[in-house]
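The values are calculated or read from the model by the stated rules, or taken from the named source; none is laboratory data. All values derive from a computational prediction rather than experimental measurement. Every residue, glycine as well, gets a Cβ built from its backbone with ideal geometry; the counts of neighbours run over all protein chains shown.
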Amino acid sequence: MNRRDAIKTASVTTGLALLSQAGMSKDKKKEGDKFRFSLNTSTISGQKLSVEKYIEIAARAGYDCMELWLPDLKIFLDTGGSLPRLKKLIDDSKVPVVNAIGFAPWMVDEEEKRNAGFKQMREEMEIMAALGCPRIAAPSAGIGPTAQLDMFVVGERFAKLIELGKQTGVVPQLEFWGASRFYHIGQALMASAVANDPNARILADVYHLFRGNSGFDGLKMIDGSIIEVFHMNDYPGSIPREQQQDKDRIYPGDGVAPLKEILKDLKNMKGPKILSLELFNREYWAQDPLEVAKTGLAKMKKVAEGV
């Protein structure tokens, strides 16, 4: 069965939104728990594992939830996998998928590419709804290094994306990348304000806040649920900020990021927060993936102790 047929088989209509709502209910732990700990599968992606193996490792390592990458899911579907089978595997693992990482070019100025990006985003939202996942990343994919970004225009496009999320039951998380043209939390906050929708959400990241020179005090200005998922990592103090790359990310607590203060600010916001380990470290990719996952979880929990 090819990917398109698999999506159709999953009945991507109103039922998907209901599945998504079921997924949202899994985001809730007992009242009083502020943080949930998630594995973003980028952390062990260098080992070239299958989606099934990612799910197994997240469960064995003890994570509350996980983030999957859409390119991996599409390989799974294009090689004979089905969404119902994968949904059952996720449900049986007791580790729900709370967000997905995709790269649809919905933000670009070129109308044809942007329309294709929205079409791709709808398809990917429908995949995630079928898996009970309530969120999807919405980064600035396709935006070139010299692009001129008007935050009013970006906000209008984000509003359209939020509406698409309401149709599918999967909420887009506006993501800024520290080394891109859409690099600053201030840009993300402005675009969200222009979108003028209570469903606006931002996907923030320790590394990207540092790399894009947002700093971290801006988190103190946020009082609400606009941030639900926060990517956890750390960075070394030995490499100049402008020269740091994704591969330089290290385990939380092993670098110089002010993680305790960051987590205090997240805790002071309304709503529970999902702390998701997202690394691209080549040294970790050469190690046993289960041990990497366990180590990352232990280090996240240690940083969160006492916050």
**Request:** Taking the residues in the range 79-97 that are surrounded by 14 or more Cβ atoms within 10 Å (Cβ to Cβ) and of a type in the set (S, T, N, Q) as candidates, determine which candidate is farthest from LEU39 (Cα to Cα).
**Result:** SER82
**Complete:** Expected single match for at positive phi and surrounded by 24 or more Cβ atoms within 10 Å (Cβ to Cβ) among GLY165, GLY169 is GLY169
**Prompt:** In the range 124-145, how many residues are over 28 Å from GLY178 (Cβ atoms) and in contact with a Lys or Arg (Cβ under 8 Å, 6 or more places away or on another chain)?
**Reply:** 3
**Message:** Looking at the structure I just gave you, is HIS231 at pLDDT 95 or above and more than 29 Å from PRO289 (Cα to Cα)?
**Reply:** no
**Prompt:** Which members of the range 31-62 meet the condition of being farther than 23 Å from PRO139 by Cβ and crowded, with 22+ Cβ neighbours inside 10 Å?
**Reply:** ILE55, ILE57, ALA61
**Message:** Every residue in the range 61-83 that is hydrophobic (A, V, I, L, M, F, W, C) and assigned to a helix (DSSP H, G or I), please.
**Reply:** ALA61, LEU70, LEU73, ILE75, PHE76, LEU77, LEU83
**Search result, residues across the range 217-247 that are of a type in the set (Lys, Arg) and over 18 Å from the mean Cα position of the chain (by Cα)** = LYS220, ARG241
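Working only within the range 104-139, note down all residues that are aliphatic (A, V, I, L, M) and under 16 Å from the mean Cα position of the chain (by Cα).
ALA104, MET121, MET125, ILE127, MET128, ALA129, LEU131, ILE136, ALA137, ALA138
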**Matching residues in the range 266-294 - criterion: being assigned to a helix (DSSP H, G or I) and within 18 Å of VAL206 (Cα to Cα)** = LEU266, LYS267, ASN268
**Item:** Residue that is of a type outside the set (A, V, I, L, M, F, W, C), buried (at least 19 other Cβ atoms within 10 Å of the Cβ) and modelled with pLDDT of 95 or more, where the choices are ARG241, ARG282, ARG249
**Value:** ARG249
**Fill in**
Of the residues in the range 140-157 that are surrounded by fewer than 23 Cβ atoms within 10 Å (Cβ to Cβ) and under 18 Å from the mean Cα position of the chain (by Cα), the one that is nearest to HIS184 (Cα to Cα) is ALA141
**Asked** From the residues in the range 179-203 that are touching a strand residue (DSSP E or B) at 6+ places or on another chain (Cβ under 8 Å) and under 19 Å from ALA141 (Cβ atoms), which one is surrounded by the fewest Cβ atoms within 10 Å (Cβ to Cβ)?
**Response** ILE202
